[in-house]
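A.B. asks: Got a structure for you, written out below as structure tokens; questions coming shortly.
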Amino acid sequence: MQRVRAAISLGPNCRGKYHLHRVFADASPSGVFDWQVTPVEAIHCYLRQDFAGLFERADLVVRAGVVWNARYGTSHQHEFPRDLSPGQLDACYPAARARHEHLCRKTRALLGGRGPLLLVFSRPVAGEVVAELRAAVSRYNPRLAFHLVAEPAAGAVGDWTGNAEVWDELLTPFDITLLEGLAAAWRKRRRDRRRAAGRAPMPPHALP
């Protein structure tokens, strides 16, 4: 069993985050690659640019109701309302940008630490693509201890969530350390207390 402090998605789509949360719950903290679609080259740009300048208003366009970054090729279906019109983009951008910068800070902090981390790339790719991503993460922080795994081809079968059994085989060799597990349990108890007190639970996008 490989012990890690946290497990996060390295893109390029939301399938990895779905299964990380399913298996590890709150021990998989949120990050910028969770729910946006991020091409491999854009992931390299995030690392090279220290997660800065990749969500500028001038780079964003609306195509068929979805916001795309024309410069970096990322798409942002979850950061903006569905069926967004070009005229609505300006009004929605400040909140989306604040959220994006928050997630960039969280991802930067995790990758800037010592780990060990589990990084998940949720698309079947050639070994050299994984090797290049591994090298890019190591360049970003040479001190970071991490495991980088990519989705097997069988994991992508089915709907957008893929094959849960294949993902279980990919993730179950890893275990979150006791400290992180206790922190996740504390967050769950906090939410339970809020519900018991009759207070509305914090929405998922507002959770740590």
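The values are calculated or read from the model by the stated rules, or taken from the named source; none is laboratory data. Everything numeric here is computed off the predicted structure, so don't read it as measured data. As a convention, Cβ positions derive from the backbone with ideal geometry for all residues, glycine included, and neighbour counts pool all protein chains shown.
A.B. asks: Need the failing condition index for residue 106 against (1) touching a residue at least 12 places away in the same chain (Cβ under 8 Å); (2) loosely packed, with under 14 Cβ neighbours inside 10 Å; (3) under 18 Å from the mean Cα position of the chain (by Cα), just the number.
C.D. replies: (2)
A.B. asks: Continuing with the same structure: Find the residue count for the range 55-90, including only residues that are in contact with a Phe, Trp or Tyr (Cβ under 6 Å, 6 or more places away or on another chain) and of a type in the set (A, V, I, L, M).
C.D. replies: Residues meeting the conditions: 2.
A.B. asks: So, one more: Take residue 166 and decide whether it is at pLDDT 90 or above, touching a Gly at 6+ places or on another chain (Cβ under 7 Å) and assigned to a helix (DSSP H, G or I).
C.D. replies: yes
A.B. asks: Kindly indicate the residue of the range 119-163 that is modelled with pLDDT of 95 or more and more than 20 Å from residue 42 (Cα to Cα) and also surrounded by the most Cβ atoms within 10 Å (Cβ to Cβ) among those meeting that condition.
C.D. replies: 146
A.B. asks: Determine the pairs where a residue that is more than 20 Å from residue 129 (Cα to Cα), located within the range 12-27, has a partner that is modelled with pLDDT under 95 and of a type in the set (Val, Ile, Thr) with Cβ atoms under 6 Å apart, the partner being 6 or more residues away or on another chain.
C.D. replies: So the pair list comes out as 18/161; 24/176; 27/176.
A.B. asks: Within the range 84-136, which residues are hydroxyl-bearing (Ser, Thr, Tyr) and in contact with a helix residue (DSSP H, G or I) (Cβ under 6 Å, 6 or more places away or on another chain)?
C.D. replies: Of everything in the range 84-136, those that are hydroxyl-bearing (Ser, Thr, Tyr) and in contact with a helix residue (DSSP H, G or I) (Cβ under 6 Å, 6 or more places away or on another chain) turn out to be 93, 122.
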